[in-house]
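Only one structure is covered here, and it is reproduced in the block below.
The values are calculated or read from the model by the stated rules, or taken from the named source; none is laboratory data. Since the structure is predicted, the reported quantities are computational estimates derived from the model, not experimental observations. All Cβ positions, even for glycine, are placed from backbone atoms using ideal geometry, and neighbour counts span all protein chains on display. Just so you know, the surface numbers come from the protein's heavy atoms only, side chains and all, with ligands and any DNA or RNA stripped out. Shrake-Rupley method; radii C 1.70, N 1.55, O 1.52, S 1.80 Å.
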Amino acid sequence: MRNREPAPDAPCPRELVYDWEGLPVLTCHLALPETAGEGRGPERIRRYYRHVEDCICRWLEREYLRLCTQAWAALDASRPIPMAHILVEGQAEETEPGLLTVRWTLRWGDRSRSFTDCWEVETGAPVRQHR
């Protein structure tokens, strides 16, 4: 089985596992932010993060193919098969009335990165952050 991925409407967080010859070569813990509320603004924010999820899954497919090539070469050279674990987490909270802040954490091996998205909830428009 190439990818043991839950159904697309599965709740987050979810664990995605990509197999090569029965061995997991890539796992990804994916936790997208939960956005509550009704109306155009919250729906626009949810639609944006569904698009982000689609982009992450396409990137994982490309990474999976690269890891399969490395696994084949490792097997051929009698070396250990490389495996990768990726963490993608986004946590949403309303930091001020009408302002949604999403704090992201990305980890891959020993590399890590954090960043923040801010949204105006009523309109679903991104808010520029001052550094």
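Amide H to amide H, with H built 1.01 Å from N, VAL127 comes under 5 Å of CYS118, TRP119, GLU120, counting only residues 5 or more places away or on other chains. Relative to the longest principal axis of the C-alpha atoms of the chain, give the angle of the C-alpha long axis of helix 40-76, reported between 0 and 90° and rounded to the nearest 10°. For helix 40-76, the angle is close to 10 degrees.
Phi angles across region 82-90 convert, under the Karplus curve 6.51 cos²θ - 1.76 cosθ + 1.60 with θ = phi - 60°, into 3J(HN,Hα) values of x, 10, 10, 10, 10, 10, 10, 10, x Hz, Gly and Pro given as x.
The fraction of accessible area contributed by carbon and sulfur in the chain is 52 percent, rounded to a whole number (1.4 Å probe; ligands and nucleic acids excluded). Length available on full extension from HIS51 to ALA31: 0.36 nm per residue minus the Cα-Cα distance, which gives 5.8 nm.
Entry comment: accessible area of region 12-131 is 64 Å² per residue, from protein heavy atoms only and a probe of 1.4 Å. Summarising the amide proton neighbourhood of GLU34: residues at separation of 5 or more, or on other chains, whose placed amide H is nearer than 5 Å comprise ALA92.
Amide H to amide H, with H built 1.01 Å from N, GLY98 comes under 5 Å of no residue 5 or more places away or on another chain.
Shown is the FRET efficiency for MET83 and THR116, computed with R0 = 41 Å from the Cβ-Cβ distance and rounded to the nearest 0.05: 0.85.
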